[in-house]
Amino acid sequence: MLPESPVMTAPSWMAIVPIRRLSEAKSRLAVPNREGYAIAFLKDVLEVLMSSNEIRSVVVTTPDLAVQRHAFGCAVVLEPGTGIDSAIECARNWGRDVGHHGHVLAVLPDLPALQVSELDRMLQEARKHDRSFHPDSQGDGTTCVTARRAIDLRTKFGPGSANRHRNSSITELGGFGRGLSCDVDTIEDLCKAASLGVGHHTMSLLSGVHGFDPASPR
């Protein structure tokens, strides 16, 4: 008897990617071209999301109209710049208005080492839970939050967000891959991401840094 084929699910997730004004992005990253790195991180994350077998649509939410040039044609929802959680809520409400009421993912734009395979595994597990979140590598912050129903998506990003999400009784996910945990705020974070293998937009910037010996891009 032939083995059963794995059950395949149709792409059902709407991914929301919040990004602040490019002039304000990555303020803790001590590099000359912070805006360029913020754009590169965003592009690498968007390419992963657009390549996912689980994601049906991608929405970028930002107060900065200039971000639209870097969004690869994804929907861009302008928001007033009152914080990451309100930006995500704005995009969630936009999704509701265009008819998306199901699975929704809010994911940060500073995960240049994110890989499609780990993201898809995480989303497959997230389908089993009403709400879930994934902590960063320090266990203090959060890199993404999911909900099976868009109306239930409530995020608590910012310093110490992992504990706030834990205290709100949503499921903590982990173990799907280090890229999903590796958000980049500092030079040390960037070196760690580079050691894991970053997307080609980030790699193109790192390759121009004197003395940097880049690993092969994934």
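Each reported figure results from applying straightforward, stated rules to the coordinates on display, with no laboratory input. Since this is a predicted model, take the numbers as computed values, not measurements. No Cβ is skipped: glycine too gets one built from the backbone with ideal geometry, and neighbour counts run over all protein chains shown.
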Query - Per-residue ³J(HN,Hα) for the range 37-52, Karplus 6.51 cos²θ - 1.76 cosθ + 1.60, θ = phi - 60°, Hz, x for Gly and Pro - result: 5, 4, 5, 4, 4, 4, 4, 5, 5, 4, 5, 5, 4, 6, 8, 5
Report task. Would you tally the net charge around Ser137, using a Cβ to Cβ cut-off of less than 12 Å, leaving Ser137 out, and scoring K and R as +1, D and E as -1? Result -> -4
Requested in this report: For the chain, build the charge dipole from Cβ charges (+1 Lys, Arg; -1 Asp, Glu) around the Cα centre, then report which of Ser27, Thr146, Val45 sits farthest towards its positive end.
Outcome: Thr146
Report task. Quick one: check the C-alpha center-to-center distance for the range 149-184 versus the range 125-146, whole angstrom. Result -> 3 Å
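How much length would be gained if the chain were fully extended between Phe72 and Asn53, taking 0.36 nm per residue of separation minus their Cα-Cα distance, in nm to one decimal?
Difference between extended and current length: 5.1 nm.
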**Report entry** Zone residues, the range 48-66, relative to Ala10, backbone N less than 15 Å from point 7 Å out along Cα-to-Cβ
**Finding:** 54-57
Requested in this report: Restricting to the chain, compute how many DSSP beta bridges are antiparallel as a %, nearest 5.
Outcome: 40 percent
Query raised in the report: In nm, to one decimal, how far is the Ile187 label point from the Thr171 one, both placed 7 Å along Cα→Cβ?
Result: 4.1 nm
Report task. Would you kindly state how much longer the chain becomes between His101 and Val209 on full extension, computed as 0.36 nm times their sequence separation minus their alpha carbon distance, in nm to one decimal? Result -> 34.5 nm
Query raised in the report: Can you tell me the Rg and Dmax of the chain, counting just the alpha carbons, in angstroms?
Result: 16.8, 61
